[in-house]
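Scroll down for the structure; my scribbles are underneath it.
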Ligand SMILES: Cc1cc2nc3c(=O)[nH]c(=O)nc-3n(C[C@H](O)[C@H](O)[C@H](O)COP(=O)(O)OP(=O)(O)OC[C@H]3O[C@@H](n4cnc5c(N)ncnc54)[C@H](O)[C@@H]3O)c2cc1C
């Protein structure tokens with residue numbers, strides 16, 4: 001529902017761009033000036049889409065709450081690229097028009113400003129698409145991507161120079177400039193509010209060989225079990241970048257916790273965190289929680305550290321004494337990668353309708369399920385898949401393959417819910 005609303009808003013903005021262009025178009029001379037006029041239309045549509053990107057990435061809570069940040073970032077990638085293609089086509093057409101009509105391009109400084117901004121957008125988009133392939137650190141590509149906040153005012157300088165005051169296109173540019181300014185103001189206000197409410201690390205505990213939990217105390221956050229936060233740690237070595245982590249605690253308890261697995265620069269340092277260190281927390285985000293859906297029976301499918309949203313949901317179910325039928329399939333390499341094992345096994349005893357199925361992919365002598373999660377396991381433990389909602393969280397490849405198998409088994413997409421640990 002919310003997704004349709006947001007997509008409708010995108011359509012309205014595009015229609016406004018089309019209408020603004022049409023109201024100023026000179027259809028009488030269209031046959032000779034169509035290159036110039038079509039290029040203006042492309043600029044209006046392209047710029048409308050590009051300006052929306054600042055909204056999609058600004059983590060506006062009331063927009064994100066309906067369908068999740070990952071989906072919003074997916075739209076950001078799709079609409080951002082479409083906008084960039086339109087702006088590139090605009091530049092090519094207008095330069096070609098000038099060349100064919102006047103024999104020269106005559107670029108003014110304001111044209112160069114537009115060209116510079118466009119080249120900047122192209123570089124940032126290319127880096128965003130290729131950073132993993134070229135081995136760039138996440139933080140480096142993100143810093144390069146942030147350059148778009150400087151490039152956009154350059155685009156505004158370019159369009160206002162060419163705009164005729166009083167025309168509909170002129171007002172469209174004003175609207176886009178106001179939208180951009182509103183996003184900047186929202187982001188600054190949000191940073192201020194987050195920095196004004198620091199949390200304190202009250203516990204650092206090792207959960208498995210390479211997995212640690214951090215517990216925090218501070219201002220109460222209303223969240224649903226399964227949601228995630230962005231966290232920046234303020235430690236002796238300075239302030240870290242913001243990283244997303246599922247809130248592994250349950251909203252039924254006072255403390256917030258996260259459970260990071262060591263995979264890279266930042267997560268390797270989690271164990272160095274000390275009680276008393278500070279953290280800036282931006283939460284909650286995401287829609288991966290059974291409380292968001294109507295269901296009869298729950299099936300949780302986790303891979304490795306993808307257990308964190310499920311431990312939060314199970315802790316909630318236990319603390320609230322909910323009588324729900326839940327089956328958890330959890331694949332790990334071997335027993336040394338298991339966190340929360342004792343707690344989960346205790347829950348199996350305490351909760352009458354909770355079943356835990358541990359699957360080991362590389363554990364010699366393991367008596368339980370072996371290999372990778374597969375549809376035969378679903379059938380042998382669950383029988384019919386009707387009336388069940390499936391929640392999947394794990395490494396991207398595993399999540400994609402489980403979703404594929406569920407669809408092959410005719411589970412309707414509306415009953416498959418997933419969280420990717422990758423934005
Ligand atoms: C919704 C969500 C929930 C998550 N929950 C958990 C959890 O409960 N436990 C857990 O161990 N991991 C979780 N992650 C993954 C965790 O965010 C990354 O493992 C961590 O940020 C890696 O940082 P690094 O510097 O140690 O590793 P790197 O080697 O620098 O990064 C590994 C990958 O993590 C991602 N990443 C790195 N830095 C950032 C950043 N600042 N912002 C966003 N993504 C980044 C990138 O995809 C990158 O390719 C979650 C991710 C998401 C999106």
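The values are calculated or read from the model by the stated rules, or taken from the named source; none is laboratory data. Just so we're clear, the structure is a prediction, and the values are computed from it rather than from any experiment. Heads up, the Cβs are rebuilt from the backbone with ideal geometry, glycines too, and the neighbour counts pull from every protein chain shown.
Here residue 397 clears all of (1) within 16 Å of the ligand (Cβ to nearest atom); (2) without any contact (Cβ under 8 Å) to a residue 40 or more places away in the chain; (3) buried (at least 18 other Cβ atoms within 10 Å of the Cβ) except the condition numbered (3). Only a single criterion out of (1) touching a helix residue (DSSP H, G or I) at 6+ places or on another chain (Cβ under 9 Å); (2) under 22 Å from residue 313 (Cα atoms) is not satisfied by residue 381, namely (1).
Report yes if some residue within segment 171-187 is within 16 Å of the ligand (Cβ to nearest atom), at pLDDT 95 or above and part of a helix (DSSP H, G or I); otherwise report no. There is no residue in segment 171-187 that is within 16 Å of the ligand (Cβ to nearest atom), at pLDDT 95 or above and part of a helix (DSSP H, G or I). Within segment 215-247, being farther than 14 Å from residue 305 by Cα and within 11 Å of the ligand (Cβ to nearest atom) holds for 227, 229, 230, 231, 232, 240, 241, 242, 243.
The residues of segment 274-294 that are surrounded by 13 or more Cβ atoms within 10 Å (Cβ to Cβ), assigned to a loop (DSSP other than H, G, I, E, B) and away from the ligand (no atom under 13 Å from the Cβ), listed by number, are 277, 293.
Residues in segment 129-156 that are within 13 Å of the ligand (Cβ to nearest atom) and buried (at least 18 other Cβ atoms within 10 Å of the Cβ): 141 only. Within segment 248-264, being within 8 Å of the ligand (Cβ to nearest atom) and surrounded by 13 or more Cβ atoms within 10 Å (Cβ to Cβ) holds for 248, 258, 259, 260, 261, 262. Of everything listed in (1) at pLDDT 95 or above; (2) touching a helix residue (DSSP H, G or I) at 6+ places or on another chain (Cβ under 7 Å), the single unmet condition for residue 196 is (2).
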